[in-house]
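Notes to accompany the following structure.
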Amino acid sequence: MMRDLHTHILPSLDDGAMDDEMTLDMLRTAQNDDISQIVSTPHYICGANNYDTATLFNTYDRINKLKEESNINVEILLGNELFLDEYTLSHLKQNKCLTLNNSKYVLVEFSLIAIPQNAECLLYGLLNAGYIPILAHAERYREVIQDTYFLIKFIEMGCLIQVNSTSITGLAGRRITKTAMELILRNMVCVVASDCHSNRGRAPRLKHAYNIVSSRVGKKKADLLFTINPSKI
């Protein structure tokens, strides 16, 4: 069974699930795809959020109750996908946003338009404070598409790299698929996750991507990216 640690499955918090029924349908999709555990990671942008932690926890509790009533056997854990800027660290320390399942791991992203020049400084700040950053959907950044070794400096600092399952399966386009596979072949990826936003194209599915990775680099490596490493986070 697989663990999906990057999802937008809780309803009405960000650009993910629109309502409770969509969330339940996404959970059923995950269950049918051999996913036993999901980390809900709604977007968190300092100063621009439309929810607070109380709303997040209340939504989580309500969905868990509905999930049990619907006999869906997928465990939901909590986290955030943090838009990393100069305020993120202080918001983490003030418990305004969440790490992944109350661990030391934080899922972070930058603007897809351009990774900021102070990215290393921001990541170092998290590392120095005891957090371990996981860079979300790394294959989608323009700088990485142009040169996958752009990420080496982040990896050498101690950051981890996550790529999306839809990037592996081709849903995100040829260039991004090529970049995702190049990162995997170069052993630069720690985790593959769905980054699901709905019950349609960007749904919580990992199995197809797992099969592709397994055929390219072997079952042992695929298990590491889809099951073993996510279970350690």
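Observations, loosely collected:
- Count of the range 191-203 residues which are surrounded by fewer than 22 Cβ atoms within 10 Å (Cβ to Cβ) and without any contact (Cβ under 8 Å) to a residue 60 or more places away in the chain: 3
- The lone criterion from (1) outside any helix (DSSP H, G or I); (2) surrounded by 15 or more Cβ atoms within 10 Å (Cβ to Cβ); (3) at pLDDT 95 or above left unmet by residue 95 is number (2).
- Residue 161 of a type in the set (A, V, I, L, M) and either under 15 Å from the mean Cα position of the chain (by Cα) or crowded, with 17+ Cβ neighbours inside 10 Å (or both): yes
- Complete set of residues in the range 146-171 that are in contact with a His (Cβ under 9 Å, 6 or more places away or on another chain), more than 21 Å from residue 122 (Cβ to Cβ) and either in a loop (DSSP other than H, G, I, E, B) or of a type in the set (S, T, N, Q) (or both): 164, 165, 167, 169
- The numbered conditions (1) surrounded by fewer than 18 Cβ atoms within 10 Å (Cβ to Cβ); (2) within 20 Å of the chain's Cα centre (by Cα); (3) of a type outside the set (Ser, Thr, Tyr) are all true for residue 38 except (1).
- Among the residues of the range 65-85, the one identified as in a loop (DSSP other than H, G, I, E, B) and charged (D, E, K, R) is 85.
- Among residues that are surrounded by fewer than 17 Cβ atoms within 10 Å (Cβ to Cβ), of a type in the set (A, V, I, L, M) and modelled with pLDDT of 95 or more, residue 225 is not included.
- Pair list, Cβ under 8 Å, 6 or more apart: the range 112-135 residue under 16 Å from residue 81 (Cβ atoms) and free of Cβ contacts under 8 Å to residues at least 60 places away in the same chain, other residue basic (Lys, Arg) and assigned to a strand (DSSP E or B): none
The values are calculated or read from the model by the stated rules, or taken from the named source; none is laboratory data. All of these numbers come straight from a predicted model, not from anything done at the bench. Reconstructed Cβ throughout: ideal geometry from the backbone, glycine too, with neighbour counts over all protein chains shown.
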